1. Run down I195, I183, I146 and say which single residue is farther than 22 Å from H211 by Cα and not charged (D, E, K, R).
2. What single numbered condition from (1) surrounded by 15 or more Cβ atoms within 10 Å (Cβ to Cβ); (2) assigned by TED's automatic domain parsing to the domain that holds G133; (3) out of contact with any Phe, Trp or Tyr (no Cβ under 9 Å at 6 or more places or on another chain); (4) without any contact (Cβ under 8 Å) to a residue 40 or more places away in the chain fails to hold for P108?
3. Tell me yes or no: at least one residue of segment 160-169 is touching a residue at least 60 places away in the same chain (Cβ under 8 Å) and either over 23 Å from E48 (Cα atoms) or touching a helix residue (DSSP H, G or I) at 6+ places or on another chain (Cβ under 8 Å) (or both).
4. Output the number of residues of segment 79-102 satisfying the condition of being among the basic types (K, R) and modelled with pLDDT of 95 or more.
5. For residues in segment 201-218 being among the β-branched types (V, I, T), more than 15 Å from G40 (Cα to Cα) and in contact (Cβ under 8 Å) with a residue 12 or more places away in the chain, which is surrounded by the fewest Cβ atoms within 10 Å (Cβ to Cβ)?
6. Can you pull out the helices (runs of 4 or more DSSP H) entirely within segment 89-156 that have at least 3 residues that are within 26 Å of I50 (Cβ to Cβ)?
7. Tell me, yes or no, whether segment 135-147 has at least one residue that is of a type in the set (F, W, Y) and at pLDDT 95 or above.
8. Among I195, I183, which is the only one that is among the β-branched types (V, I, T), crowded, with 20+ Cβ neighbours inside 10 Å and outside any loop (DSSP other than H, G, I, E, B)?
Amino acid sequence: METMIQVENMSKSYGSLKAVKNLNLSIGRGQVVGLLGANGAGKSTTIECILGTKKQDQGTVSILGMDPQRDRKKLFEKVGVQFQESNYQDKITVQELCEVTHSLYKDPSNYRNLLKQFGLLDKARSMVKELSGGQKQRLFIVLALIPNPQIVFLDELTTGLDARARRDVWKYLSELKKDGLTILLTSHFMDEVEILCDTILVLKKGNIIFHGTVAEAVENSPYEKLEDAYLWYTDEEVIEDENI
């Protein structure tokens, strides 16, 4: 299997706080990997270092065989990113935002097809600021997929969506996975993790405390359900800085 993301002994600190400690990760083509952990466990820092928006203190990171900092322009065409909180100018329509995003790439996906698949085609002429929270979340996923990426990073992708919309998103992402799309996602919804993820990493205070399949996570815990196992692994620790 072709390796899409390779992380070796990656560490990152903020002053005396070690946000990520000696993290190792390998993700193959078409795999969906869930990065789990309580707020402040190190998920955001891990993703930012992998993307190259932050520089790790030690270790190496490779995306598609390239350095995410040195080769950022090349990777721009191949990687899609959806963040839970994204800010866009107020006076822009859904269609205009999609057109601007579409124009940035050499071989983009048809954004109207994506809007249709995510139930937003009828909102194409609506202002982004007029969308509901769930509609904005679906739009952010569409924007991440417009580049026609080989890898996509999804942060709490179905937060704010109703049950049907969540299942529609899962179904579409499962189809993209079959086509070879590699996905690294964060989520607090264990049903989502069970349905989408091939493997999961559970972070606690910057350390990987579990790496394996959902079945293995449950099997290695005292519990029979993933949600209970997850809480057991993490103790749901609370750290002051939730953006780590």
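1. Numbers: I195 fails: farther than 22 Å from H211 by Cα; I183 fails: farther than 22 Å from H211 by Cα.
Selected residue: I146, the only one of I195, I183, I146 that is farther than 22 Å from H211 by Cα and not charged (D, E, K, R).
2. Going through the list (1) surrounded by 15 or more Cβ atoms within 10 Å (Cβ to Cβ); (2) assigned by TED's automatic domain parsing to the domain that holds G133; (3) out of contact with any Phe, Trp or Tyr (no Cβ under 9 Å at 6 or more places or on another chain); (4) without any contact (Cβ under 8 Å) to a residue 40 or more places away in the chain, P108 breaks only (4).
3. Our first condition is that a residue be touching a residue at least 60 places away in the same chain (Cβ under 8 Å); within segment 160-169, this holds for none.
No, there is no match, as no residue in segment 160-169 is touching a residue at least 60 places away in the same chain (Cβ under 8 Å) and either over 23 Å from E48 (Cα atoms) or touching a helix residue (DSSP H, G or I) at 6+ places or on another chain (Cβ under 8 Å) (or both).
4. Of all residues in segment 79-102, those among the basic types (K, R) come to 91.
Imposing the further condition that a residue be modelled with pLDDT of 95 or more reduces the set to none.
Result for segment 79-102: 0.
5. Quick first cut of segment 201-218, residues among the β-branched types (V, I, T) only: 202, 208-209, 213-214, 218.
Remaining after also requiring more than 15 Å from G40 (Cα to Cα): 213-214, 218.
Those still in the list that are in contact (Cβ under 8 Å) with a residue 12 or more places away in the chain too: 213-214.
On the way: T213: 12, V214: 20.
Per the criteria, the residue is T213.
6. Of the helices (runs of 4 or more DSSP H) lying wholly inside segment 89-156, those with at least 3 residues that are within 26 Å of I50 (Cβ to Cβ) span 94-103, 133-145.
7. Here is the first cut: in segment 135-147, the ones of a type in the set (F, W, Y) are 140.
Retained after the next criterion (residues that are at pLDDT 95 or above): none.
Looking for residues that are of a type in the set (F, W, Y) and at pLDDT 95 or above, one finds none in segment 135-147, hence no.
8. Numbers: I195 fails: crowded, with 20+ Cβ neighbours inside 10 Å.
It is I183.
The values are calculated or read from the model by the stated rules, or taken from the named source; none is laboratory data. Please read these numbers as outputs of a predicted model, since none were measured by experiment. Cβ atoms come from the backbone with ideal geometry, glycine included; neighbour counts cover every protein chain shown.
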